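Here's the structure we're looking at; comments come further down.
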Amino acid sequence: MLQHEHLLNFGPQELISFIEDAYAFNSQFIRKIVNIAGDLSIDEGKTLYWFVNNFLPLKSNVVELGAQQGQATSWLAKAAQTKARVHAIDTWRSISIKTHQTSAFPKYSNCLQSFKANLQKNHLLSYVKIINSNLIKAAQEYKNSQPIGFLFIDANYNTASEEQLFTCWNPHLTIGGFFAVFTPSSNLSFLTSSLPENFLKIAQIEYLHIFQKL
């Protein structure tokens, strides 16, 4: 299990420096990621990659709630590859997002087609299982022989609240697994005060918050 006490000693910049020292990130891959519409920063993406690549529990899957154009999906799939399947769940409808950055979010007539194309460009589509579904309904119908080891909620692209999604999906998250949420909102009362006691916050990089289920 992750030694979370050690991680808590890192500040955000120290953690990013540690991650960059551990990995020589391919500059061409990063350029492709930056070109995918979305609000996840490079440092937030590197953090997702690091946790999945290093600490994903054995025989578990990665689940992403809210995928849109595949920016975060690309980081997750790059890290998981043959170790685990990334289940990307979304309705892929063209929606406006609550952005904390100034970059424009382009409108697509077919968001799912764009998602597939972005994953294919990085040769990652084969590592991703696409589930076109309402996120609450998908939780009710989720059946898999392997539990979830990393649950990522992208609050930018979700109409349901983080609390609703967490409540529905938490039973599928294995002990020792991770719950990560990306949200530009400054209102994090649920994440900071209402998570069950067995969830420990172990890292925060910008708008990405990561917890471990103990």
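Things worth noting here:
- Condition check for Asn61: at pLDDT 80 or above, over 18 Å from Leu208 (Cβ atoms) and not hydroxyl-bearing (Ser, Thr, Tyr): yes
- Scan of the stretch 105-128 for residues that are of a type in the set (Gly, Ala, Ser), at pLDDT 90 or above and loosely packed, with under 14 Cβ neighbours inside 10 Å, ordered by number: Ser126
- Within the stretch 160-176, being of a type in the set (Val, Ile, Thr) and either assigned to a helix (DSSP H, G or I) or surrounded by fewer than 17 Cβ atoms within 10 Å (Cβ to Cβ) (or both) holds for Thr167, Ile175.
The rows are residues; the columns are (1) in a loop (DSSP other than H, G, I, E, B); (2) more than 23 Å from Thr174 (Cα to Cα).
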{"site": "Leu48", "(1), (2)": "no, no"}
{"site": "Asn53", "(1), (2)": "no, no"}
{"site": "Pro57", "(1), (2)": "yes, no"}
{"site": "Val63", "(1), (2)": "no, no"}
{"site": "Gln69", "(1), (2)": "yes, yes"}
{"site": "Thr73", "(1), (2)": "no, no"}
{"site": "Lys78", "(1), (2)": "no, no"}
{"site": "Gln81", "(1), (2)": "no, no"}
{"site": "Ala88", "(1), (2)": "no, no"}
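The values are calculated or read from the model by the stated rules, or taken from the named source; none is laboratory data. Here the structure is a predicted model, which is why all the values come from computation and not from measurement. Methodologically, a virtual Cβ is constructed for each residue, glycine included, from the backbone with ideal geometry; neighbour enumeration extends over all protein chains shown.
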